[in-house]
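The values are calculated or read from the model by the stated rules, or taken from the named source; none is laboratory data. Every value quoted in this text rests on a predicted model; they were computed, and no experiment measured them. Note that we place each Cβ from the backbone using ideal geometry, even for glycine, and neighbour counts take in every protein chain shown. In case anyone asks, the SASA skips ligands and DNA or RNA and just uses the protein heavy atoms, side chains included. Shrake-Rupley method; radii C 1.70, N 1.55, O 1.52, S 1.80 Å.
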Amino acid sequence: MLMQPADERNIAVEGTPTRHRALLDWVEQVAARVRPDAVLWCDGSDAEWNELSDKLVEAGTLVALNPALRPNSFYARSDPRDVARVESRTFICSDSENDAGPTNNWAEPGEMRERLDGLFSGTMEGRTMYVVPFCMGPLGSDKSIIGVEITDSPYVVLSMKIMTRMGAPVLEMLGDDGFFIRCVHSVGMPLSEGVQDVAWPSNDEKWIVHFPETREIWSYGSGYGGNALLGKKCVALRIASVMARDDGWLAEHMLILKLTNPEGASHYVAAAFPSACGKTNLAMLEPTIPGWKAETVGDDIAWMRFGKDGRLYAINPEAGFFGVAPGTGPSTNKNAIDTLSGNTIFTNTALTADGDVWWEGLTKTPPEGLTDWTGQPYDPASGKPAAHPNARFAVPAAQCPAIADEWDSPEGVPISAILFGGRRASAVPLVTEALDWDHGVYMAANIASEGTAAAENKVGELRRDPFAMLPFCGYHIADYFNHWIRIGASAASDPSVLPKLFLVNWFRKDSNGKFVWPGFGDNARVLKWIAERIEGKADAETTPIGLLPTKGSLDLSGLSLTPEQTDMLLSVDTEIWAGEAERNGAYFNSFGDRLPPALKRQQAALEQRIAEA
Ligand code: SAT
Ligand code: MN
């Protein structure tokens, strides 16, 4: 760890941990603008972790949890105005507005840079500027991408240490002239003369800005999650999706799961679901069917590239899980609970009287003497939750008892199937296999989900979330659809090497508004059918919307579903689907000429199949 007084503007190679001229120049340039008291290059060591966490405990940002209950773990309470990603303040500043597309906010890059210059001018006054080199993906892998985040938030530094490979080994991997993504983050609260710091500094004005052409991110005003831990959504999805478009690979909002059958044969599956739709639960599921085993490779992001054998290989670019705490309990996700046994940072959960954390769903009833996420004594009679619905944990992935050995493998894992799912109370069956790659792209482009606490929109509202990438695609979403079509076409000589594509829906409700499918560990029954489809063992029935399990091919043994419930899960109502198709068509029309012809053909083909049914 190296301290450098900021007024020594000429940060020399001497005394810094790198000889990377472009990196040194950039750090110097940013320091000159943000004017910190000191510049600190983070090495990612345990000593650094201890020093920063001590400092944050002293400042009141972190509470050290009871070490007998949760060693080396901390609790943070954010500003109540800084609890989730802010999509309305998230911008893709591509050179051309058309390249950002209709689903992203865009601003003219020159004007945006001027605005950012003003906002960042002196923004780190009175603070330390941390330089955080991080690697998305296994260290030393040619599939990994390096970033450097400059931040004035030590909470961000600690969180980046959990969520990424961070510090000295990354600078070593970067060498003297390696490529890195430039990320600048400030909480936007300079400690000018007379300003008293607060436990969670932030600013009411927030900007999360991406410059895709120059692979740059500038984030201002928020200290929370995806707004501030720039390796995650900003680098690994928004900027990486643009790099993937340019270089012929896929950067996706997907978990990666290893599934092993009773005979010991394994398949790797990737799955896309919108935020807070049970993705972490599926990534860590414990199958209820005997002999089947599921292991975790990743819970949020997958980068997939073609291997020499023509198959798609996935890596998890992250090193930790940034999961939603509420709803996570010993019965819904025991692996997650066991993962959280130590070395974890919790944010916006409730705090117990004995110095531990609690949230809705951890136990049936709240313990006595809770302090809620706003810092007030918790009154269960208030009807309010003790933890914020988007309360989070950040924990090293390696601590997960279900982590697959190959989760850190530099080659990645070969993907046999990709699942897409939203939260749909009606219409969409439990599982549908796509007729072919293009049809799968059509299904994925049309997934929709109810709002989640992770984003700002109202919980319960239905919104389209194509590929679960709506807030994360760094370019025009119709071009992104076309990129998927092209990826499929690039395997034209042998389409059988491509993953099979599936649409799943765990959230079907009956007329009383109750979920029909038990979900959680029983989702392994659907995974079993998918694995057997890959192996050519399970039967499917062709319907107008795709291939559905035949009665008997889906393992429902031991479940207490009525025949009506099974019917509901596995049937297609053509009248309802005529309406679905019409709405899909209207949605597609909103993209005009930019919609790939292959998807127009899929739309027409679906309409025709439904009409003929
Ligand atoms: O807050 S994050 O963007 O990191 C998590 C999420 O929204 O899924
Ligand atoms: Mn996510």
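Descriptive notes on the structure:
- Rounded to the nearest 20 debye, the dipole magnitude of the chain is 1020 debye, with +1 charges on Lys and Arg beta carbons, -1 on Asp and Glu beta carbons, and the Cα centre as origin.
- Taking the helices alone, the chain has a mean residue ellipticity at 222 nm of -7500 deg cm²/dmol, built from -39,500 (n - 2.57) per DSSP H run of at least 4 residues and averaged over all its residues.
- For region 157-307, the orientation-averaged shadow of the C-alpha convex hull comes to 13.1 nm² (one quarter of the hull surface).
- Paired Rg and Dmax values of the chain, which use every Cα atom, in angstrom: 24.2, 76
- Considering only the chain, percent of DSSP beta bridges that pair antiparallel, nearest 5: 65
- Pairs from the list Lys143/Lys232; Lys258/Lys334; Lys233/Lys600; Lys293/Lys514; Lys258/Lys528 with a Cα-Cα gap above 20 Å: Lys233/Lys600; Lys293/Lys514.
- Each 10 Å bin, from zero up to the one with the longest distance, holds this percent of the alpha carbon pairs of region 332-409: 18, 46, 25, 9, 2.
- Using only side-chain charges placed at the Cβ, +1 for Lys and Arg and -1 for Asp and Glu, the dipole size of region 517-576 relative to its Cα centre rounds to 260 debye.
- Gyration tensor (alpha-carbon) shape descriptor, region 169-221, a/c threshold 1.5: oblate
- Among the GluC sites (Glu not before Pro) within region 273-378, those in coil by DSSP and having at most 11 neighbouring Cβ atoms inside 10 Å are Glu368.
- Derived scalar couplings between HN and Hα for region 100-105 equal 6, x, x, 9, 10, 6 Hz in order, rounded to whole Hz, by the Karplus curve 6.51 cos²θ - 1.76 cosθ + 1.60 (θ = phi - 60°), x for Gly and Pro.
- Between the Cα long axis of helix 523-534 and the first principal axis of the chain there is an angle of about 70°, rounded to the nearest 10.
- Computed over region 251-384, the ratio Rg/Rh where both radii use C-alpha atoms and Rh is Kirkwood: 1.07
- Computed over the Cα atoms of region 542-605, the ratio of the radius of gyration to the Kirkwood radius (Rg/Rh) comes to 1.14.
- Ranked by the mean number of other Cβ atoms within 10 Å per residue, highest first, peptides 57-67, 560-570 order as 57-67, 560-570.
- The mean accessible area for residues of region 104-239, using a 1.4 Å probe and ignoring ligands and nucleic acids, is 29 Å² per residue.
- Over the Cα atoms of region 35-86, the radius of gyration divided by the Kirkwood radius equals 1.04; this is the Rg/Rh ratio.
- Fraction of accessible area attributable to carbon and sulfur, the chain (%, probe 1.4 Å): 49
- Per residue, the Cα convex hull of region 182-258 amounts to 108 Å³.
- A quarter of the convex hull surface defined by the alpha-carbon atoms of region 314-452 gives 11.3 nm² as the mean projection.
- When you restrict to C-alpha pairs under 8 Å that are six or more residues apart and normalise by the size of the chain, the relative contact order lands at 14 percent.
- Residues in region 549-613 average 57 Å² of solvent-accessible surface per residue, probe 1.4 Å, ligands and nucleic acids excluded.
- Here region 30-183 has an Rg and Dmax of 17.8, 55 Å, counting Cα atoms alone.
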